[in-house]
Each structure stands twice: as structure tokens, then as C-alpha cells.
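See below for the structure under consideration.
Coordinate-derived values only; no laboratory data. Everything numeric in this text was worked out from a predicted model, so none of it was measured. Glycine also receives a Cβ, built like all others from the backbone with ideal geometry; neighbour counts cover every protein chain displayed.
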Amino acid sequence: MTLGDVLGLSDAQENVLVRGLQLVLVAFLGYGLATGQFAIAGTAGIALAITLLPAWLRVEYGYAMDAGLVLWITLAVILHTIGSIWLYEQYQWYDEIAHTVSASVIAGLGYAAFRAFELHSEEMSVPSTFRSVFIVVFVLAIGVLWEVLEFALGGLVTVYGIDDIATDFVFNAVGAVIVAIWGTGYVSELVGFFGQRLRST
């Protein structure tokens, strides 16, 4: 079962939603450039580029990602973009939701890559419990890199303090645990794609 099946939306409906969210990002990008607010433009531009990665994979490698997974990725980046522009400062709960959704995407991608490598290697056999631990550790490690990047970027990205960082890590872990318990089956097609790329190299 794919994520698209769970959402109960047709591929066409999910594609319309993704295109709508991408148009929102284009609007933020244009607004940032027009008003000279390059932090907004940069955030929206990076988010838009991420949402275009599934289309690039289809053109470059012939891999058609599940529309539900594309929607999941797009929703995660637009939540972060809107939050970084305004809502993070206004509502703590929004930051928590955005980090949970973003962490779940990172967890899914990390699990898919790890599982593909495991299946590709004849010498590697990992218990399912360790896979779950790996998902959580992987997401927390990415979280550390992200926080370091935010500090390195200085004034381009707003840093809200130690308490916010601690809260981010808690909800990063929540997103990772959700995927570890319920979500690994939804990235099985991605596991297959990564496996094909490993075999081709």
C-alpha cells in the first residue's frame, strides 16, 4: 500500500495539490525578490527546488515517485517556508508540527536509503529493531547538522535560542518514531529505486 492509497486521493488530485503548493512557493519567491527580502526569496527558492526533485528523478532516471510521497515532501517544505517567514515567531505549536512533518520526511528518505543498502549487500543483515533505532538516530543527526547550518548562516536564518533547539529535537524524534512504527511501508517503492541505483553502479 502506498501513501497515496492511504490519503484516499487520486494521483490527479494529489498532483493538483502539489502544483498549488508550488505556486504558493513561487509567490513567496517573487515577493521576496520584489521587496528585497532575500531571506524569504532564498528559503522559498530552496523549498521550490526540493519539490521539483521528484520531476527531475522521473526525467533523469525514469522513476515515477508515488504522488502521495511527492505531496508529503511538498507539504513539509511549505510548512517550513511559511513558518520561517512568520508563523514560527507567533505560534510555538506551528514550529512543533512543521518539525514533526519535516522529520518524518527525512526519516522516510533515510530509511529507504539504509534499507536499499542492506538489501544490496550480501554481508549485511540488520534486525528490524535496529532499523527503527537507525531511523531515530539518523533524523537526530540531520537535526544537529541543520542547527549548525543555521548558526553558520548568521543573519540569513533566524535562530530562536537553546530552548527552541531542544524543542526542535524533541519533535524531530517524534517524527522519526512515527515513521519507525508506522511509516516504513510507505517508502517501499523508494527502497526499490535506491536499490536499482546501487545495482547500476
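Which percent of the Cα-Cα distances in the range 1-90 go past 18 Å?
Summing the P(r) tail past 18 Å for the range 1-90 gives 48 percent.
In the range 1-49 the Cα-Cα distances spread across 10 Å bins starting at 0 as 27, 34, 23, 14, 1 percent of all pairs. Entry for the range 94-201 at q = 0.17, 0.24 Å⁻¹: log10 I(q)/I(0) = -0.80, -1.22, Debye formula applied to identical alpha-carbon scatterers, no solvent contribution. Using C-alpha pairs under 8 Å with a sequence gap of at least 6, the mean separation divided by the residue count of the range 64-111 gives a relative contact order of 39 percent.
Rounded to the nearest 20 debye, what is the charge dipole size of the range 68-157 about its Cα centre when +1 sits on each Lys and Arg Cβ and -1 on each Asp and Glu Cβ?
Details: 2 positive and 8 negative charges, 36 e Å.
Dipole magnitude for the range 68-157 comes out near 180 debye.
Calculated mean residue ellipticity, 222 nm, the chain: -25500 deg cm²/dmol, from DSSP H runs (n ≥ 4) at -39500 (n - 2.57) each, averaged per residue and rounded to 500.
Magnitude of the Cβ-charge dipole of the chain, K/R +1 and D/E -1, about the Cα centre, nearest 20 debye?
Details: 6 positive and 17 negative charges, 92 e Å.
Using Cβ point charges on Lys, Arg, Asp and Glu, the chain gives about 440 debye.
Residue exposure proxy: Tyr88, Tyr31, ordered by other Cβ atoms within 10 angstrom of their Cβ from fewest to most, comes out as Tyr31, Tyr88.
Packing here is the average count of other Cβ atoms within 10 Å per residue, and on that basis the peptides 164-172, 95-103, highest first, run 95-103, 164-172. Ordering of 69-80, 132-143 by packing is 69-80, 132-143, highest average first (other Cβ atoms within 10 Å, averaged per residue). Overall dimensions of the chain, expressed as equivalent-ellipsoid semi-axes from the Cα gyration tensor (√(5λ), whole Å, largest first), are 29, 22, 16.
Comparing His120, Ala103, Gln92 along the charge dipole axis of the range 20-178, the residue lying farthest to the positive side is His120, per the Cβ-charge model.
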